[in-house]
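Worksheet: the structure to be examined is printed underneath.
No value in this document is a laboratory result; all are computed from the given coordinates. Because the structure is a prediction, the values reported are computed rather than measured. Note: ideal-geometry Cβ built from the backbone for every residue, glycine included; neighbour counts use all protein chains shown.
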Amino acid sequence: MQTNLQSLTISLSSQSDIVKKEKEIQNGPIFNFYKELIRLRKEMPIISEGSYLPALEDSKQVYAFERHLDGQKLLVLNHFYGSEAEVAIPAEYQAGQVLLSNYEHVELAEKVVLKPYQTLAILVK
């Protein structure tokens, strides 16, 4: 049978674990990725107001689309699987700017290998 002190100790330990988890979430890569995404959406009208065009429709592993607005183009690639996927990058985007990726060190070329669960957004002005 637990005493009040044991119960209080267990409760404090659980509270401590909850606080640690909340700090991990707030400082973790997923949280930071979404913070960056929200910031970009607020600053760049192409993300929310650009016309939507499906892209790479033959791909079974990558959901891709383009947004166009005021002479800018944005290609967004979303890979939802735990394996890598090779994607042909349209010529006009190969010299573009990597606007957002949840992986570091993305190099644009004719083909890009998306890592598991990678999102990549490429902007052309």
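Quick notes on this one:
- Calculated P(r) of segment 24-125 - Cα pairs past 22 Å, %: 29 percent
- P(r) of segment 47-102 over all Cα-Cα pairs, binned every 5 Å from zero, in whole percent: 4, 16, 28, 28, 16, 6, 1, 0
- Across segment 86-125, Cα-Cα pairs farther apart than 17 Å form 19% of the total.
- Segment 24-125: relative contact order in percent, alpha carbon pairs under 8 Å with at least 6 residues between: 24 percent
- Exceedance of the 19 Å cut-off in Cα-Cα distance is limited, within the set 35/73; 60/115; 60/111, to 35/73.
- The value of relative contact order for segment 68-125, using C-alpha pairs under 8 Å at least six residues apart, is 52 percent.
- Modelled label positions at residue 58 and residue 125, each set 7 Å beyond Cα in the direction of Cβ, lie 3.4 nm from each other.
- Cα-projected label distance for residue 16 with residue 104, points at 7 Å along beta-carbon direction, nm: 3.2 nm
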